[in-house]
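Working notes for the structure below.
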Amino acid sequence: MIPVIGLVVGIALGLIFQPTVPEPLQPYVPIAIIAALDAVVGAARAYGEKRFDDRVFVISFLSNVVIASFMVYLGDQLGVGSQLSTGVIVVLGIRIFANAAAIRRQIFHA
Amino acid sequence: MTNDTRVRDAESLLDQLTDTSIDSDYYSAHERPPGRLSKALSTLTICLFGGLLATAALQTHFDRPATELERSAMIDGVEARQETRDRRLRTVEALREELVELQELGISQDPAREALFVSAGEIAVSGEGVRVTARSGSSTTSGERAWRVTDSDLQLLINGLWQAGAEAIAVNGQRVIATTAIRTAGETITINYRSVGEPYVVDAIGDRDELVANLLANPAGRYWSERVENFGVEFNLESKSEVNLPAGPSSRLRTTYAQAWEAN
């Protein structure tokens, strides 16, 4: 319950205050969102398996976002930006799908 | 949901990805239960996630008109450049046509050049002249095959016409130019690599009275009279007030090598 409230509060704050992302960080926002989504869906699956741990969630969230953004930034500097970002998105997408499938199994079988 | 699916070694990359999709730390045993700080931090993280979502959505929404504008500006730029290119292509076409017109104008206004084009066979020409109609005789008039008009007969006739003062010659509609070959190929004669059949109609342009007189007097004319008398070849010479000769075939007019001879 608390996470859902937290999510709603976060969205509301974002809509009210409308913070602008600084210019140099703007290209990395989409990849950060996907990395964050991966961490959140993983946390949801762990919660369903009764294995949720707050510390692990926070650390995985932050590390996912930072590492994914850094990989894309590194790719841009090396000149392989689009390829590397494609790879990151593919891997994150597969993980999200796998976790979502596990959640679906929990909901409909448990 | 058991955990031993995770312990198994996955062979393919996809299997590895799906098996490790959840952080393994969730499955390690924790000594101490999460305290208030950890709970607060995780709630804060969820808020952060929500805020990130909202910010990104708003940003895309507000940036949309700007990106649309950029896109349509680029499309306009591309279309403008395509239009310029089309306009330039049309100009090129118009200039080419003008060039052809000017060239023809240059030809027609310079009589010396025009004379060159006539003798080279590059342009059609008409004027007074003569027409020679030659036909092979029938086989009954002579035992040998000399009743047939051969390529050398025609060559001699044409050389005789040049000698008699012809300015342009054509055989059965084929203009005789510097590279014209008259050969017998099997049963027919080919001129400019085109087959021509009997009767052989040789048109020549020049002063008709002079042509007639000179041709009958010169060696070619005498040769042909012999052929007529002794071998039954048919030969008919008539002067005409209007003779039209076409230009030579353009493929035969292209010169890649030429050597000038002194005129004697």
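General remarks:
- All helices (runs of 4 or more DSSP H) inside chain A with 3 or more residues being within 24 Å of B:GLN16 (Cα to Cα) and touching a Leu at 6+ places or on another chain (Cβ under 8 Å): A:29-48, A:54-78, A:81-109
- Residue pairs whose Cβ atoms lie under 6 Å apart, sitting 6 or more positions apart in sequence or on different chains, and linking a residue in the range A:19-39 that is acidic (Asp, Glu) to a partner that is surrounded by 14 or more Cβ atoms within 10 Å (Cβ to Cβ), are A:ASP38/A:ASN64; A:ASP38/A:LEU92; A:ASP38/A:ARG95; A:ASP38/A:ILE96.
- Scope the range B:208-232; condition of a type in the set (Gly, Ala, Ser) and in contact with a Phe, Trp or Tyr (Cβ under 7 Å, 6 or more places away or on another chain); matching residues: B:GLY232
- Tally of residues being without any contact (Cβ under 8 Å) to a residue 12 or more places away in the chain and in contact with a helix residue (DSSP H, G or I) (Cβ under 9 Å, 6 or more places away or on another chain) across the range B:214-252: 3
- Pairing residues of the range A:73-99 that are within 16 Å of A:ALA36 (Cα to Cα) and within 14 Å of chain B (Cβ to nearest Cβ) with residues that are among the basic types (Lys, Arg) and open to solvent by less than 30 Å² (accessible area, probe 1.4 Å), at Cβ distances under 6 Å and at least 6 apart in sequence or on separate chains, gives A:ASN99/A:ARG45.
- For A:GLY48, the requirement of being more than 12 Å from every other protein chain (Cβ to nearest Cβ) and either open to solvent by less than 30 Å² (accessible area, probe 1.4 Å) or modelled with pLDDT under 90 (or both) is not met.
- Candidate set from the range B:85-130 (those that are part of a helix (DSSP H, G or I) and either in contact (Cβ under 8 Å) with a residue 12 or more places away in the chain or aromatic (Phe, Trp, Tyr) (or both)); member that is most open to solvent (accessible area, probe 1.4 Å): B:SER119
- A:SER85 open to solvent by less than 70 Å² (accessible area, probe 1.4 Å), over 24 Å from B:SER42 (Cβ atoms) and among the polar types (S, T, N, Q): yes
- Flag: B:ALA260 does not match the condition of being of a type in the set (A, V, I, L, M, F, W, C), without any contact (Cβ under 8 Å) to a residue 24 or more places away in the chain and open to solvent by less than 90 Å² (accessible area, probe 1.4 Å).
- Qualifying residue in the range A:56-65 (condition: touching a residue at least 60 places away in the same chain (Cβ under 8 Å) and within 11 Å of chain B (Cβ to nearest Cβ)): no
The values are calculated or read from the model by the stated rules, or taken from the named source; none is laboratory data. Remember, predicted model here, so these are calculated numbers, not experimental data. Backbone-built Cβ (ideal geometry, glycine too); neighbour counts: all protein chains shown. What goes into the accessible areas is simple: the full protein's heavy atoms, side chains included, and nothing from ligands, DNA or RNA. Shrake-Rupley method; radii C 1.70, N 1.55, O 1.52, S 1.80 Å.
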